[in-house]
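Everything below concerns the one structure shown next.
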Ligand code: AMP
């Protein structure tokens with residue numbers, strides 16, 4: 001199973017991806033997470049990427065395509081994977097097609113998680129993430145038991161530098177101009193599935209699962 005999770009920032013693609021990956025035991029390929037991990041490790045790519053991430057800008061296609069190419073070349077990604085947050089531009093989608101053709105495979109499904117801008121702003125403003133294990137919380141809907149502390153590992157919760165109002169606005173603009181055109185691209189291939197992301201978390205997941213079961 002090779003699937004791609006799309007949607008504007010804050011639509012819940014990261015949380016839904018985490019559940020799908022867990023349930024189906026798929027390798028997760030999240031470019032945002034790979035950049036954040038590289039930054040945490042002091043890797044030059046991560047330090048370069050964080051300059052763009054903080055401002056809500058996209059990291060260059062060249063850097064992004066290269067980290068995905070390296071990740072897809074690992075053995076565990078041969079038969080199945082879930083892509084989260086890649087591709088985000090038409091050039092990245094073309095590069096991904098090239099990588100998959102070389103691997104002799106293609107995507108089975110692309111999920112587009114839909115949400116209104118009001119919901120997206122609220123989600124991102126209230127989102128907190130664990131510095132150690134990356135578990136995501138929401139200050140209204142998924143409240144940590146102890147303020148500022150991760151329930152799972154006791155790590156410190158922080159607000160992502162790209163979850164500030166300024167950055168969120170820019171990310172949504174970029175989504176509209178650069179990423180939304182990809183929906184058409186995948187629709188034409190007949191593999192695009194729209195999912196209502198404004199339902200409770202479990203209902204969103206059930207809708208995704210209904211599609212996966214039929215693949
Ligand atoms: P995410 O965790 O998917 O919300 O990504 C966080 C940030 O990482 C984005 O706002 C971009 O700055 C950067 N990023 C993630 N994926 C990509 C991508 N496919 N192309 C360019 N930049 C990306």
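Since every read-out is calculated from the coordinates, none of them should be taken as a lab result. Remember, predicted model here, so these are calculated numbers, not experimental data.
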Inter-part distance where the range 118-174 and the range 34-81 are each reduced to a Cα centre, Å: 21
Cα-based convex hull volume of the range 1-108 per residue, rounded to whole Å³: 105
Quotient of Cα Rg and 2.2 N^0.38 Å for the range 118-215, N being how many residues it contains: 1.31
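Beyond 16 Å, what share of the Cα-Cα pairs of the range 81-142 is found? Please give it as a whole percent.
Values: 1219 of 1891 pairs.
Result: 64 percent of Cα pairs exceed 16 Å.
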Antiparallel bridges, percent of DSSP beta bridges restricted to the range 46-194 (to nearest 5): 70
Cα-based Kirkwood hydrodynamic radius, the chain, one decimal, Å: 17.7
